[in-house]
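Asks: Starting off with a structure, shown below.
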Amino acid sequence: EKVVVAREFDREVKVQLEYISNLAERDLDWKQDLKLKLLQSMMNFSIMQEMRFNSIENEGIYSIKVVCNFDKDRLINEVYVEFGASPEDVEQLIKAAKQFMRSFKNNGADVELLERFKLERVDYLEREKYHRGDTSKMIYDYYKYGTSWPRGGLEQRQAYIRSISPRDIEILAKRLLKGNPLEFKMLPAKRIH
């Protein structure tokens, strides 16, 4: 995949902070997949709120996102934070992003936020049952990777989502976000005159 960036943004530093952890057999299970999607949604929303909308110090950032690798072929668990910023703001923003991830890992999930995202995920599954995309993916994963299949189908997955506790999310976050992240920076090209 090749991304071509518009010329007006070619002065930004692109940053990726990548948290890597060992992949366990349970990480490929449908239940872990649902928890991971909830964790990603919560972190993605929360980091954008804290670093983009609620912070005067971090005004140099336009968008920021947290991404989890859901690929069944992955060899490791990957959670990464991506953003772009001007060169003069980038170090302070990296520090703030790391602090956010540490805080999320150590303080656990906000109960109200978790409930909101659980409802959204349950509603999403309900809407997707008419499109069959989610079911097709599960069938593919079942035959290609031998992943388990929820015996109760949609209802079992929705019931499982409703049962996920803040403690479940906290345990997952602590396991996936341990250690310091790898830092990748793509610097803007230097102008030659």
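Asks: Write down the accessible area per residue of the chain in Å², having rolled a 1.4 Å probe over the full set of protein chains. Intermediate values should be presented prior to the final figure.
Replies: Working: 12000 Å² over 193 residues.
Ligands and nucleic acids excluded, the figure is 62 Å² per residue.
Asks: In addition: Pick from Val81, Val111, Val90: which is most flexible by mean-square fluctuation in a GNM of the chain where alpha carbon atoms under 10 Å apart are linked?
Replies: Most flexible of the set in this elastic network: Val111.
Asks: Using modelled backbone amide H atoms (1.01 Å from N, in-plane), which distant-in-sequence or interchain residues come within less than 5 Å of Leu23's amide H?
Replies: Residues meeting the criterion, in which the H sits 1.01 Å from N, are Asn77.
Asks: Now for a separate question. What span do the alpha-carbon atoms of the chain cover on each of the three principal axes, reported in whole Å from largest to smallest?
Replies: Principal extents (Cα only, largest first): 65, 35, 32 Å.
Asks: From the protein chains alone at 1.4 Å, what is the descending order of accessible area for Arg151, Arg175, Arg74, Arg127, largest first? The partial results should precede the final answer.
Replies: Working: Arg151 225, Arg175 45, Arg74 20, Arg127 135 Å².
I get Arg151, Arg127, Arg175, Arg74, largest accessible area first.
Asks: Using Cα positions and a limit of under 22 Å, work out the lysines in reach of Lys118, with same-chain residues fewer than 8 apart set aside.
Replies: Within reach: Lys31, Lys35, Lys37, Lys65, Lys105, Lys129, Lys137, Lys174.
Asks: I would also like to ask the following. What FRET efficiency, computed as 1/(1 + (r/R0)^6) with R0 = 35 Å and r the Cβ-Cβ distance, is obtained for Lys129 and Gln99, rounded to the nearest 0.05? Please list the in-between numbers first.
Replies: Working: r = 40 Å, r/R0 = 1.14.
Computed FRET efficiency for Lys129 and Gln99 comes out at 0.30.
Asks: Here's another thing I want to ask about it. How large is ³J(HN,Hα), in whole Hz, for each residue of the range 66-74 in order, when computed from phi with the Karplus curve 6.51 cos²θ - 1.76 cosθ + 1.60 and θ = phi - 60°, using x for Gly and Pro?
Replies: Karplus-based 3J(HN,Hα) across the range 66-74 equals 10, 10, 10, 7, 9, 4, 5, 7, 5 Hz.
Asks: Based on the Cα coordinates of the range 140-193, what is the per residue volume of their convex hull in Å³? The partial results should precede the final answer.
Replies: Numbers: hull volume 12.2 nm³, N = 54.
Taking the convex hull of the Cα positions in the range 140-193, it is 225 Å³ per residue.
Asks: For the Cα atoms of the chain, what angle does the longest principal axis make with the long axis of helix 30-48, in degrees from 0 to 90, nearest 10?
Replies: The two axes meet at around 30 degrees.
Asks: Just to confirm the number: angle between the C-alpha axis of helix 111-128 and the first principal axis of the chain, 0 to 90 degrees, nearest 10?
Replies: Around 60 degrees separate the two axes.
Asks: Using helices alone, I'd like the mean residue ellipticity at 222 nm for the chain: each DSSP H run of four-plus residues gives -39500 (n - 2.57), total over residue count, nearest 500. Walk me through the numbers on the way to the answer.
Replies: On the way: 6 runs with 90 residues, N = 193.
Calculated mean residue ellipticity at 222 nm is -15500 deg cm²/dmol.
Asks: Now for a different question. Just reorder Trp149, Trp30 by solvent-accessible area, largest first, 1.4 Å probe, all chains present. Provide the component values of the computation, followed by the final result.
Replies: On the way: Trp149 100, Trp30 30 Å².
So the residues, ranked largest to smallest area, are Trp149, Trp30.
The values are calculated or read from the model by the stated rules, or taken from the named source; none is laboratory data. The structure presented is a predicted model; accordingly, all values stated were derived computationally and were not measured. So basically every Cβ, Gly included, is an ideal-geometry build from the backbone, and we count neighbours across all protein chains shown. Keep in mind that these areas ignore ligands, DNA and RNA; they rest on the heavy atoms of the full protein, side chains included. Shrake-Rupley method; radii C 1.70, N 1.55, O 1.52, S 1.80 Å.
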